[in-house]
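Notes follow once the structure below has been shown.
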Amino acid sequence: MDIARRSELIRNKALSLGFSACGFANVEKLVEQEQGLRDYLENNYYGEMTYMANHFDKRLDPSLLVPGAKSAIVVLLNYFPKKVLSNETGLMLSKYAYGEDYHEVVKGKLAKLFDFIGAEIAPVQGRYFCDSAPVLERAWAVKAGLGWIGKNGLLINPKFGSFVFIGELFVDTELEYDQPYDKEHCGNCTRCLNSCPSSAFVAPYRLDARKCISYLTIELKGEVPEKLKPALKNRIFGCDICQDVCPWNQKLSPHDVHEFAPKQELLEFTSSDWENITHEGFTALFSKSALKRAGYSKLKQNIASVMSVDN
C-alpha cells in the first residue's frame, strides 16, 4: 500500500470515529518552540504546575518519548456545546467540563484508530496522548495543518474555532504529511488579551498561569488570593472568557459527541445547589468528569471564594 493511500485511509477512519479534523506531520525536533518554552519556564509562568519543568527535551522531540516514531497523527474534537450553562441562576464551569472527561473520550477514539492501523494498514508501534504527556500539542496541530496559534496561546481552527480538544498518535509508519499552517488570521485583534479579568496575559501569546482563572480554580492547591477573587465573577471551574470573545468562535456549530452532553441535573443547577452540594452528590454527578482533577474540596473552596465577593 502506497503512502498516499495509507494516509487517506487513516484520515477517513479518524473522521468516521467522530474526530472533527485530522492531519499528519513528520516527527522531528520542534526547534522553533525551544526558546519560547525556555522563557516560559525561566519566568515561572507555570506556577505550582511543577511537572511543566520536567522532560524539557521530550517536549521538543517526541522521538525521545516514543522511540522509533516517524509520524504524528493529530486530531481535533469539537466540544462547543449546544447550550451554555446559565450564568444568571447558577455558577459557571468551563465548557470542556460539561460532559465526560475529555482525556478518556479522545484517547478512547485514538485507541480505535491505532487498532485500525495495525489491523488494516500495516503492523504498527506507537503511543497516543491527549493532554496526558509532555507533548507540545498545539505546535503539532499547527505542524499538521490544523490551525494557527491565537494571541491567547490557543489553537484556532478556521472551521471549529478554539473549542477543540487535541489528540495525537505517534507511530513508526511514514505518511503523506500536510503542509504546516503558516498563516495567522488574528490581525490586529486583541479581544482575548483585553478581556481577561485577571490580566493574565503578559504579552500576545504569553500567559502567566499564576493569574489565569483556569489555573486558580483547578491547579492551584491553596485558596485563590484575595486580590484575584473578584476576577472569578461566578466561575468555579476553569474559564472561557478569552475564547468566548474571539471572532472565530462566534458562529460555531455545536458538537455531536454524546459523551460531552451535560446531565440534565447539571443544566438545572442553581447557585444554591452548588453551595449545598455534598461529597456524595459531587461524586455522583462528576465521577466521569474532568472536575475530578480539582476535586470536591477545591470546588467547594472556589464556590466560597466566589460567594465571598459582591459581584
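The values are calculated or read from the model by the stated rules, or taken from the named source; none is laboratory data. Model, not experiment: these values are computed from the prediction. Here the Cβ positions follow ideal geometry from the backbone for every residue, glycine too, while neighbour counts run over all protein chains shown.
Would you call Y181 in contact with a strand residue (DSSP E or B) (Cβ under 7 Å, 6 or more places away or on another chain) and touching a residue at least 12 places away in the same chain (Cβ under 8 Å)? In short, yes. Quickly run through the stretch 118-135 and pick out the residues that are in contact (Cβ under 8 Å) with a residue 60 or more places away in the chain, surrounded by 17 or more Cβ atoms within 10 Å (Cβ to Cβ) and either in contact with a strand residue (DSSP E or B) (Cβ under 7 Å, 6 or more places away or on another chain) or not in a helix (DSSP H, G or I) (or both). Of everything in the stretch 118-135, those that are in contact (Cβ under 8 Å) with a residue 60 or more places away in the chain, surrounded by 17 or more Cβ atoms within 10 Å (Cβ to Cβ) and either in contact with a strand residue (DSSP E or B) (Cβ under 7 Å, 6 or more places away or on another chain) or not in a helix (DSSP H, G or I) (or both) turn out to be G126, R127, A133, P134, V135.
Taken residue by residue, the stretch 209-217 has no member that is under 25 Å from H103 (Cα atoms), surrounded by fewer than 16 Cβ atoms within 10 Å (Cβ to Cβ) and in contact (Cβ under 8 Å) with a residue 40 or more places away in the chain. Just one of the listed residues (V74, V105, V66, V84) is at pLDDT 95 or above, of a type in the set (V, I, T) and within 28 Å of F286 (Cβ to Cβ), namely V105.
Contact map, the stretch 190-202: residues that are of a type in the set (F, W, Y) paired with residues that are part of a loop (DSSP other than H, G, I, E, B) and crowded, with 19+ Cβ neighbours inside 10 Å, Cβ distance under 8 Å, separation 6+ or inter-chain. Pairs shown: F201/K151; F201/N152; F201/D208. Selection of the stretch 14-53 for residues being under 22 Å from L169 (Cβ atoms), of a type outside the set (G, A, S) and assigned to a loop (DSSP other than H, G, I, E, B) yields L17, F19, V27, E28, K29, L30. Among residues of the stretch 91-112 that are within 12 Å of F19 (Cα to Cα), those with a beta-carbon under 6 Å from a residue that is in a loop (DSSP other than H, G, I, E, B) at least six positions away or on a different chain give the pairs V106/C130; K107/C130; K109/L17; K112/L17.
Looking only at residues in the stretch 218-234 that are charged (D, E, K, R) and touching a residue at least 12 places away in the same chain (Cβ under 8 Å), the one that is nearest to M92 (Cα to Cα) is K233.
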